[in-house]
Amino acid sequence: MKTRTDFRPEATVTFSDNSTLELSPAKFTIQNNGYTDGAGANGLPLGVLIGRTISIELSNLDGSLSEYDFFGAEIALRLRFQLSASVEKVNVGTFTVLKPQTGGETITITATDASWRTDKTYTTNTTFPATLGTLLSDACDSCGIPYQSQTFKNSSFIVDALPEGDYTFRQIIGYIAGIACGNARINRQGYM
């Protein structure tokens, strides 16, 4: 894997009306495709929800993509490469298009993982005192993000009261991650 450079992207796009479009490697241009995995801060942050973003450029020379509005679509991106006897596909993740795409002979799309769902004002019906595990599962449920477990480092840490002030779910999840001595992120399967 470390020496391979022949990975090719492919994707399944699910539009807001639940229709789908398969994007073969031939639809992706050779350049202007990228992947960002970071917290939007310099250095090595601690106690943040790290988001992932993709930028893809699709060839539309034949006009076949002109009829599609990618805004709000979910893109399940995969990388594929040829093995000696088969094709291997590696899941990169599912990303949501939050900005309208640019059009023409090439279509440029930027999309982000489910961490965007946490960019809203924090509210909870949780009874305090509560554990970090309870607070994380409540935040994930409120934002529609599945989680794999309520158990993580310091998940039994007790929070006595709801923090005062206005916070977003992203900030609260970041604080939980900080107390857990790490960061939060959405994995390639879509789980917190």
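Quick check: net charge around Ala114, other residues with Cβ under 15 Å of its Cβ, Lys/Arg +1 and Asp/Glu -1?
Residues near Ala114 contribute +1 overall.
Set Lys and Arg Cβ to +1 and Asp and Glu Cβ to -1, take the dipole of segment 29-100 about its Cα centre, and tell me which of Tyr68, Leu83, Asn32 lies farthest positive.
With unit charges placed on the Cβ atoms, the residue in question is Leu83.
Add +1 for every Lys or Arg and -1 for every Asp or Glu among the other residues with Cβ under 15 Å from the Cβ of Asp166, and state the total.
So the surrounding residues net to 0.
Helix 169-179 versus the longest principal axis of the chain: what angle, 0 to 90°, nearest 10, using Cα atoms?
In the chain, helix 169-179 runs at an angle near 70 degrees to the longest axis.
Just need the relative contact order of the chain here, percent rounded to a whole number, with Cα pairs under 8 Å and 6+ apart.
Computed over the chain, the figure is 23 percent.
Using a simple spin-label model with points 7 Å from Cα along the Cα→Cβ vector, what separation in nm is obtained for Ser149 and Lys120?
Placing both labels 7 Å along Cα→Cβ, they lie 2.9 nm apart.
Only Cα pairs under 8 Å and at least 6 apart count here; give the relative contact order of segment 126-165 as a rounded whole percent.
Once normalised by length, the contact order is 58 percent.
In Å², and per residue, what accessible area does the chain have when probed at 1.4 Å with the other protein chains present?
57 Å²
Under the classification rounded if a/c is under 1.5, otherwise prolate if a/b is larger than b/c and oblate if not, where does segment 128-170 fall, given a ≥ b ≥ c as square roots of the Cα gyration tensor eigenvalues?
Cα axes put segment 128-170 in the oblate bin.
Students often get this wrong, so try it: which of [x] 19.2, 60; [y] 17.3, 52; [z] 19.7, 65 is Rg and Dmax of the Cα atoms in Å as calculated from the structure shown?
Read-out from the structure maps to [x].
What's the FRET efficiency of Thr106 with Leu83 using the Cβ-Cβ distance as r and R₀ = 22 Å, to the nearest 0.05?
E between Thr106 and Leu83, to the nearest 0.05, is 0.10.
The values are calculated or read from the model by the stated rules, or taken from the named source; none is laboratory data. If you're wondering where the values come from, they're calculated on a predicted model, not measured in any experiment. Glycine gets a Cβ as well: all are built from the backbone with ideal geometry, and neighbour counts include every protein chain shown. Quick note on the areas: whole protein, heavy atoms, side chains included, nothing else; ligands and nucleic acids left out. Shrake-Rupley method; radii C 1.70, N 1.55, O 1.52, S 1.80 Å.
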